[in-house]
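Below: the structure, in structure tokens.
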Amino acid sequence: MTSVKDPTGVEARVLAELADFEGKRVLEIGCGDGRMTWLYANQARAVLGVDSDDDAIRDAHAALPDRLADRVEFRVADAQALDVPRQRFDIAFLSWSL
């Protein structure tokens with residue numbers, strides 16, 4: 001896993017307040033190394049994390065726990081050129097892409 005950058009858990013609390021990830025299909029744009037992905041992926045039905053940074057996606061793949069491998073996918077992709085059907089996701093959010 002990546003290093004802890006939110007030791008007080010503010011990010012996890014804010015995510016939980018903003019969206020109910022339970023059983024949802026999630027598109028995370030700007031997922032980087034997956035640091036925020038791990039905050040909700042246990043609850044989600046499926047996660048597609050995309051980022052244009054090859055190294056970050058490589059790190060995300062390396063950190064992917066076996067227990068999440070069947071529901072979390074990471075791809076190198078530009079958000080503007082992402083080719084996925086809109087109906088595929090219940091929640092879409094930008095994490096570190098702004």
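Side notes on the structure shown:
- The set of residues in segment 9-42 being part of a loop (DSSP other than H, G, I, E, B), open to solvent by 70 Å² or more (accessible area, probe 1.4 Å) and farther than 16 Å from Ala60 by Cβ consists of Asp20, Glu22.
- Test result for Asp70, assigned to a loop (DSSP other than H, G, I, E, B) and either open to solvent by 40 Å² or more (accessible area, probe 1.4 Å) or touching a strand residue (DSSP E or B) at 6+ places or on another chain (Cβ under 6 Å) (or both): yes
- Selection of segment 19-60 for residues being among the aliphatic types (A, V, I, L, M) and in contact (Cβ under 8 Å) with a residue 60 or more places away in the chain yields Ala19, Val26, Leu27, Ile29, Met36.
- Within segment 43-52, restricting attention to residues that are open to solvent by 40 Å² or more (accessible area, probe 1.4 Å) and at pLDDT 95 or above, the residue that is nearest to Arg75 (Cα to Cα) is Arg45.
- Test for Leu64: is it of a type in the set (A, V, I, L, M, F, W, C), crowded, with 16+ Cβ neighbours inside 10 Å and in contact (Cβ under 8 Å) with a residue 24 or more places away in the chain: yes
- For segment 67-91, filtering for residues that are hydrophobic (A, V, I, L, M, F, W, C), without any contact (Cβ under 8 Å) to a residue 60 or more places away in the chain and closer than 23 Å to Arg13 by Cα leaves 2.
The values are calculated or read from the model by the stated rules, or taken from the named source; none is laboratory data. As the structure is a computational prediction, the values presented were derived from the model and not from experiment. Quick reminder, even Gly has a Cβ in these numbers, built from the backbone with ideal geometry, and neighbours come from all protein chains shown. Side chains are part of the model used for accessible areas, which takes the heavy atoms of the whole protein and leaves out ligands, DNA and RNA. Shrake-Rupley method; radii C 1.70, N 1.55, O 1.52, S 1.80 Å.
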